[in-house]
1. Lys/Arg Cβ at +1, Asp/Glu Cβ at -1, dipole of the chain taken about the Cα centre: which of ILE96, ALA323, ALA258 is farthest positive-ward?
2. I'd like the distance separating the alpha-carbon centroids of the stretch 198-217 and the stretch 78-147, in whole Å.
3. Which percent, nearest 5, of DSSP beta bridges in the chain are antiparallel?
4. Set Lys and Arg Cβ to +1 and Asp and Glu Cβ to -1, take the dipole of the stretch 78-197 about its Cα centre, and tell me which of ALA81, ALA171, SER121 lies farthest positive.
5. Which pairs break 19 Å Cα to Cα here: LYS144/LYS234; LYS234/LYS306; LYS100/LYS144; LYS42/LYS264?
6. Using the basic label-point model (7 angstrom from Cα toward the beta carbon), what is the SER20 to GLU66 distance in nanometres?
7. Rounded to the nearest 500, what is the chain's calculated 222 nm mean residue ellipticity when only DSSP H runs of at least 4 contribute -39500 (n - 2.57) each, over all residues?
8. When you count, for each residue, the other Cβ atoms within 10 Å and take the mean per peptide, how do 286-295, 218-227, 245-254 rank with the highest first?
Amino acid sequence: MAVYASFRSIGAYVPEKILSNSDLEKMVDTTDEWIVKRTGIKERHIADEHISTSDMGAMAARVAIERSGLDKSDIDLIICATVTPDYFNMPSTACIISDKIGISNVQAFDISAACSGFVYSLTIAKAFIESGMKKNVLIVGAEKFSSIVDYTDRSTCILFGDGAGAAVISATTNKSEAFVDIHASADGSYADFLVTPAPGSVHPANQKMLDEKLNFVQMKGNETFKLAVKTLTKDVVDILKNNNIKPSEIKHFIPHQANYRIIKAVGDALGMKDEQVVLTVQKYGNTSAASIPMAINDIYESGRLKEGELMLLDTFGGGLTWASALIPFAPKAK
Ligand code: UT7
């Protein structure tokens, strides 16, 4: 009998501390008005100094496992998507999360696809499940983005926030619960659009790294913006067309939360109504790989996401990477 991947549960962790636009006005030459007008962001959450990416990932993972109705011993693969791992570059944050949530002796690894990391992880979970190798995959998107942000650089520090989201993806034989389609891609020729230059083999950690602030994220904002609108729109148009699905049939359009203007442009190009588009950018900012699972968790916790409803995910990030997915919500725990 054919086995399919299904989206079984969601969880998230949002740090308590809020960094508002008025806080940022005191730190750099910016205004609340500029930030809201150009990005839609009003505030973002920042993790305390002693909280790591794995701490947030573990908290989100516990919620997702609890809501899945599974025992943690049922999880047979853990994937963590992050560009702000606990350590550059070992052990993986997934290994640390596995220890923190008390799951041992299962395969665990990180993937690096920046903001596209969560949807990339969904493609991997699907492949493992549908090949019969795994049954219940825990995927985590977790970022302590504040650890790579230069809070004297107004072009980036207003954008990013911290947080984590997690999901359990399970095997099912029920085709109506299966992922409808998923697609991920990349173009490395735009690698310099969004980059954290150090530490790495190109620029190992040294005094030059600190002097030139190479350990902080750098972005060609305007160029990235234009490419994001173009790529995200084409990606969702293609996935809907390939599956013969009209935008009006999508219950929840859940785009990566980088900038309200990007989300609005893509939503308008598809003719999406406001109630179809999930928006969290105003309160979380851009949380990179955590952005989409945090947004799914938001509609779940507010009672908007119900069994069987179709989600359209769409994401874009450093690499450059992008990905989209058509997935019904398929909770089995009642
Ligand atoms: O998650 C991965 C993907 N990331 C994205 O998709 C992000 C894409 N990019 C963006 O969201 C936008 O490009 C930004 C929000 C980063 C910037 O908005 P923009 O409309 O593209 O502005 P800009 O970079 O073209 O800058 C316009 C002006 C500049 O001043 P001049 O040269 O016109 O005098 C900037 O120096 O705005 C200035 N500026 C600011 N002013 C006040 C840049 N940052 C700020 C700021 N406050 N924080």
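Bear in mind that the values in this text are calculations on the coordinates, not laboratory data. Owing to the predicted nature of the structure, the values given are computational and were not obtained by experimental measurement. Virtual Cβ from ideal backbone geometry, glycine too; neighbours counted across all protein chains shown.
1. Highest projection toward the positive end goes to ALA323.
2. 25
3. Close to 70 percent.
4. About the Cα centre, the residue reaching furthest to the positive side is ALA171.
5. Going by Cα-Cα distance, LYS144/LYS234; LYS234/LYS306 fall outside the 19 Å limit.
6. Distance between label points: 3.0 nm.
7. Mean residue ellipticity at 222 nm (helix-derived): -9500 deg cm²/dmol.
8. Details: 286-295: 31.7, 218-227: 15.8, 245-254: 17.6.
The packing order, highest mean first, is 286-295, 245-254, 218-227.
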